Amino acid sequence: MTVDLEVDVPALVMAWGLGWTTSRGGGPPVPVPGGWYAEVNLPGHSERHILHTWDADRLAAIEPRPGGWIKVVGTRDDLRAALPDQWVIDEDGHLMTTVLRPAEVETPDGYRIEITTDGPVVKAAAHHTSGDVAATAYLAPGGGFGIVDRVETSPDHRRRGLGTAVMTALQSHGAEAGLSRGLLLATDAGRALYETLGWTHRALVVTARVPD
């Protein structure tokens, strides 16, 4: 599987910021030099700065408000050195891309996959025969990409291939809806899963936050 490598990392970050805010239902992000600023207004997450290009002076000027988050393309050491102590360095993220194509979804026995939409946001959910919602994933448009977000599997239903099932269903739906490329920000653990599904790592994104 090949990925359109002509799209540079700054453009990917801008697309991801658009799709992420759409997925989370927040206000539209505001373009700022080097990226986006968004008011999120979620518990423990009041605002977010998403930057592909930055310097230490720029970050030091951001007021450390409770619930504030910063995500930048860079390294943990550089981010830590640029910020005052109120900011806590959080887990790394991995910006990843893929080509979206229709695919057959292999659903484990005892589960079914359901696709629903809420405006521009698409949700793939794995339902167990018990009635449990076992796994979910969301897709939202952003900058010509399908942005995958909030991929979660319930602890009681892990290690059964459900993450792969909802991701495949979501990618296939995006392709059939006319989206050609996918984009997501993965955790360390999620990166391994997505690489098996054909996703390509493009950049390390590091995070700082002020506890609420």
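Some observations on this one:
- Unmet criterion (only one of (1) open to solvent by 10 Å² or more (accessible area, probe 1.4 Å); (2) within 21 Å of the chain's Cα centre (by Cα); (3) under 28 Å from Ser154 (Cβ atoms); (4) of a type outside the set (Phe, Trp, Tyr)) for Asp132: (2)
- Flag: Ile62 matches the condition of being of a type in the set (Val, Ile, Thr), assigned to a loop (DSSP other than H, G, I, E, B), open to solvent by less than 50 Å² (accessible area, probe 1.4 Å) and under 19 Å from Asp85 (Cβ atoms).
- Residues (out of contact with any His (no Cβ under 8 Å at 6 or more places or on another chain) and either at pLDDT below 95 or part of a loop (DSSP other than H, G, I, E, B) (or both)) located in the range 120-140: Pro120, Thr129, Ser130, Gly131
- The listed residues are Ala81, Ala56, Ala15, Ala103, and the only one of them that is touching a Ser or Thr at 6+ places or on another chain (Cβ under 7 Å) and touching a residue at least 24 places away in the same chain (Cβ under 8 Å) turns out to be Ala103.
- For the range 177-196, the set of residues classified as within 20 Å of Ala15 (Cβ to Cβ) and either buried (at least 21 other Cβ atoms within 10 Å of the Cβ) or more than 16 Å from the chain's Cα centre (by Cα) (or both) consists of Ala177, Gly178, Leu179, Ser180, Gly182, Leu183, Leu184, Leu185, Ala186, Tyr194, listed by residue number.
- Within the range 83-98, the set of residues being open to solvent by 10 Å² or more (accessible area, probe 1.4 Å) and in a strand (DSSP E or B) comprises Val88, Ile89, His94.
- Note on the range 116-129: residues that are surrounded by 15 or more Cβ atoms within 10 Å (Cβ to Cβ) and either more than 15 Å from Thr164 (Cα to Cα) or small (Gly, Ala, Ser) (or both) amount to 6.
- Meets criteria (under 20 Å from the mean Cα position of the chain (by Cα), at pLDDT 95 or above and open to solvent by less than 20 Å² (accessible area, probe 1.4 Å)) for Ile147: yes
- Checking the stated criteria, Thr53 turns out to be assigned to a loop (DSSP other than H, G, I, E, B) and either open to solvent by less than 20 Å² (accessible area, probe 1.4 Å) or of a type in the set (S, T, N, Q) (or both).
The values are calculated or read from the model by the stated rules, or taken from the named source; none is laboratory data. Computed from a predicted model, the values in this text were never measured in an experiment. Counting neighbours? That spans all protein chains shown, and the Cβs are built from the backbone with ideal geometry, glycine included. Accessible surface is based on the protein model in full, side chains and every heavy atom, while ligands, DNA and RNA are left aside. Shrake-Rupley method; radii C 1.70, N 1.55, O 1.52, S 1.80 Å.
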